Amino acid sequence: MKKANKKEIINALESIAVYLEIKGENSFKVSAYRKAANALERDERTIDDIKDPASLQGIGKGTAGVIDELVQTGESSLLKELKNDLPDGLLPLLKLPGLGGKKIGKLYRELEVVDVSTLRKACEEKKVQVLPGFGEKTEEKILAALEEFGKRPERLTIAQMIPVAELIKDRLNEMDGIIRFQLAGSFRRGRETVKDLDFILSTKEPEIVGEQIATMKNIKEVIGHGETKISLELQFDDLIVPVDFRMVTDEEFITTLHHFTGSKDHNVLLRQRAKEKGEKISEYGVVQEDTGEVKTFQSEEEFFKHFGLTYIPPEVREGRGELEVYTENHPLIDLGDIRSDLHMHTTWSDGGNAIEEMIEACRERGYEYMAITDHSKFLRVANGLTIDQLLRQHEEVRKQNEKFSDFTIFTGIEMDILPDGTLDYEEEILKNIDFVIASIHSAFHQDEKTIMKRFKRAMENPHVAMIAHPTGRVIGRRDGYSVDLDQLIEMAVETDTILELNANPNRLDLSAEWVEKAQAAGAKIAINTDAHHVAWLNHMQVGVKTARRGWLKKETVVNTWSSDELRRFINKHR
DNA sequence: GCCGTTTTCGGCCCGACTGTTTTCAGTCG
């Protein structure tokens, strides 16, 4: 029997939790299996290196037994048994809003609902509304949810959310009665995708503010409207965005902001810690359990300090050891550390702005240097530069460069690694370019070995400074090519090739998870916007957020260095 | 199911909102 790998074990534990939930098991037992899955996921080691799973916090005798069985045999008798007991068509029903394990269990036992279609039938025959605990409205809602089921993506990309978030902020700014507001949730933590947007508002007049929110433009539906919480679905063309608004007093603002920034795992860990001190954290403050005294805070710094911690940036509040690390300062890279952008396009290839405009925009952003990197000749669809054009462009860049004593413009190129593994320009050309980027834009279907050969050849070329968007993924649209990232990182360290964190919110490539691994291995990262328009230079913020999610320090990121330092690094092997 | 210098039993993070109920269970984040 094939042994189960770590991912399969985590999935099995999560499946067990879901089945138990539908069975109506004790909810703490259910969450014990989820906690065990989380504990495994958080641990960096492989399943073989974790000799004794029960030694991990959250894994005891029971779940360790399940894990051991999966490791030994590749199967779990408990999971098998559950699968025999319950139809697996019930599992997707948990995704329907308003339906949880308890209700699904009841539907199964009382009405023999086993999947989406039997559930729809039961609703249509009006059998659901007569069940105790259900009613007419519940039945209607289930039917409506079934109608929408599968039509909408579960998570929305940051690229889609950025303009929506800005629009809502503008509207809140125009409303009466709001003292201050902030966007919280996974958006604030910088996740690649989000389920919804969470806004925290402070006000003395929740009814007045609530009324304005519930009547704002673009509302598709008001999901809920209570005294302090309003849930909406906003619609912009095809895009439907769930948005939650929470209203509190200004004193409560900071603890509410922290609570709804999450993550859930982070909150749970911090609350457990508070409990050990005889305190209780809620949205409204920290309660001294013996006296009932409620403490509120002026800032999140102050809040964390209360628990003996320094400020924990939202990006790392994932319950992955931040409470242990942030007993002292642990600075991560910051937007203010960025001194250049090393990947962008102009009208010479497929960009929308002239060289001068890009220079001006970079200077406005306070950078000290930059690189102009248009596409190479192979990429005809993007109007890649012929050798003649390239030489003329670099002449132009050098001329521009002479204008400034306080700013440096690198000549550059985003050169294609061709399907056969050769590079788009000869050594003779490359040796005169300041910043050579190599990247893959073709033959995505090739197998991993072939792709890795292409990368290897590029990275071993002494003139190639950086690999751009290493996986080629576009979030929510395509996975990219088959690349062995562990090996790529290894090669990057060996050849001193920089790996890119492409800050385009559709790409975020490398991801937070992989830049973290790259940093651990000693590789260097550049955060670049790959801007095709001056406005896209602002994506640097998103890139830095992603870097922070990967715990990147300033030193790891080459565009926090001075231009001389970077030049020395690039020219080391030339 | 997990956990424990108060505990090997009895807790487990906490609260808003809805729809079902006549005081609360279920869901959600």
> Mind checking which residues of region A:510-553 are over 25 Å from residue A:159 (Cα atoms), assigned to a helix (DSSP H, G or I) and touching a residue at least 12 places away in the same chain (Cβ under 8 Å)?
Replying inline: A:519, A:521
> Would region A:88-96 turn up any residue that is exposed (fewer than 13 other Cβ atoms within 10 Å of the Cβ), within 9 Å of DNA strand B (Cβ to nearest atom), touching a residue at least 24 places away in the same chain (Cβ under 8 Å) and within 28 Å of the chain's Cα centre (by Cα)?
Replying inline: yes
>> When you check residue A:24 against the structure, is it within 14 Å of DNA strand B (Cβ to nearest atom) and at pLDDT below 90, yes or no?
In response: yes
> Can you name every residue in region A:41-55 that is within 12 Å of DNA strand B (Cβ to nearest atom) and under 19 Å from residue A:78 (Cβ atoms)?
Replying inline: A:53, A:54
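Can you pull out the residues in region A:127-170 that are assigned to a loop (DSSP other than H, G, I, E, B) and within 12 Å of DNA strand B (Cβ to nearest atom)?
Step one: list which residues in region A:127-170 are assigned to a loop (DSSP other than H, G, I, E, B), which gives A:127-135, A:149-155.
Within region A:127-170, A:128, A:129, A:130, A:131, A:132, A:133, A:134, A:135, A:154, A:155 meet the criteria.
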>> Only one of A:105, A:58 is outside the structural domain of residue A:513 (by TED's automatic domain parsing), part of a helix (DSSP H, G or I) and either away from DNA strand B (no atom under 11 Å from the Cβ) or closer than 15 Å to residue A:30 by Cα (or both). Can you tell me which?
In response: A:105
> Hey, among the residues in region A:20-55 that are among the acidic types (Asp, Glu) and part of a helix (DSSP H, G or I), which one's surrounded by the most Cβ atoms within 10 Å (Cβ to Cβ)?
Replying inline: A:21
> Only one of (1) on the phi > 0 side of the Ramachandran plot; (2) of a type in the set (A, V, I, L, M); (3) crowded, with 22+ Cβ neighbours inside 10 Å fails for residue A:467. Which number is that?
Replying inline: (1)
> How many residues does region A:171-187 hold that are part of a strand (DSSP E or B) and within 26 Å of residue A:98 (Cα to Cα)?
Replying inline: 1
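Filter region A:306-317 for residues that are assigned to a loop (DSSP other than H, G, I, E, B) and surrounded by fewer than 19 Cβ atoms within 10 Å (Cβ to Cβ) and give the result.
If we filter region A:306-317 for residues that are assigned to a loop (DSSP other than H, G, I, E, B), which is where we start, we get A:307-313, A:317.
Of everything in region A:306-317, those that are assigned to a loop (DSSP other than H, G, I, E, B) and surrounded by fewer than 19 Cβ atoms within 10 Å (Cβ to Cβ) turn out to be A:307, A:308, A:310, A:311.
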> List pairs: first in region A:316-344 and in the same structural domain as residue A:304 (by TED's automatic domain parsing), second acidic (Asp, Glu), Cβ under 6 Å, 6+ apart or cross-chain?
Replying inline: A:316/A:322; A:319/A:265
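Quick one: which of A:395, A:360 is under 22 Å from residue A:570 (Cα atoms), in the same structural domain as residue A:528 (by TED's automatic domain parsing) and among the charged types (D, E, K, R)? Steps first, please.
On the way: A:360 fails: under 22 Å from residue A:570 (Cα atoms).
Only one candidate passes the filter, namely A:395.
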> Assuming residue A:390 fulfils every condition listed in (1) assigned by TED's automatic domain parsing to the domain that holds residue A:434; (2) crowded, with 21+ Cβ neighbours inside 10 Å; (3) within 32 Å of the chain's Cα centre (by Cα) apart from one, which condition is it?
Replying inline: (3)
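Scan region A:396-417 residue by residue and report those that are among the hydrophobic types (A, V, I, L, M, F, W, C) and crowded, with 18+ Cβ neighbours inside 10 Å. Steps first, answer last, please.
Applying the first criterion (among the hydrophobic types (A, V, I, L, M, F, W, C)) to region A:396-417 yields A:397, A:404, A:407, A:409-410, A:413, A:415, A:417.
The answer is A:397, A:409, A:410, A:413, A:415, A:417.
Kindly indicate whether any position in region A:454-463 is among the charged types (D, E, K, R), free of Cβ contacts under 8 Å to residues at least 60 places away in the same chain, surrounded by 22 or more Cβ atoms within 10 Å (Cβ to Cβ) and more than 30 Å from residue A:163 (Cα to Cα).
The first filter runs over region A:454-463 and keeps only residues among the charged types (D, E, K, R), leaving A:454, A:456-457, A:460.
Narrowing the set further to residues that are free of Cβ contacts under 8 Å to residues at least 60 places away in the same chain leaves A:454, A:456-457, A:460.
Retained after the next criterion (residues that are surrounded by 22 or more Cβ atoms within 10 Å (Cβ to Cβ)): A:454.
This time we only want the ones that are more than 30 Å from residue A:163 (Cα to Cα), so: A:454.
Yes.
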>> Need pairs with beta-carbon distance below 6 Å; first residue under 18 Å from residue A:94 (Cα atoms) and touching a residue at least 24 places away in the same chain (Cβ under 8 Å) and within region A:113-139, second in a loop (DSSP other than H, G, I, E, B) and within 14 Å of DNA strand B (Cβ to nearest atom); sequence gap 6+ or separate chains.
In response: A:119/A:113; A:134/A:128
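The values are calculated or read from the model by the stated rules, or taken from the named source; none is laboratory data. Predicted, not measured: the structure shown is a model, and the values here were computed from it. Cβ sites come from the backbone with ideal geometry, for glycine too, and all protein chains shown count toward neighbours.
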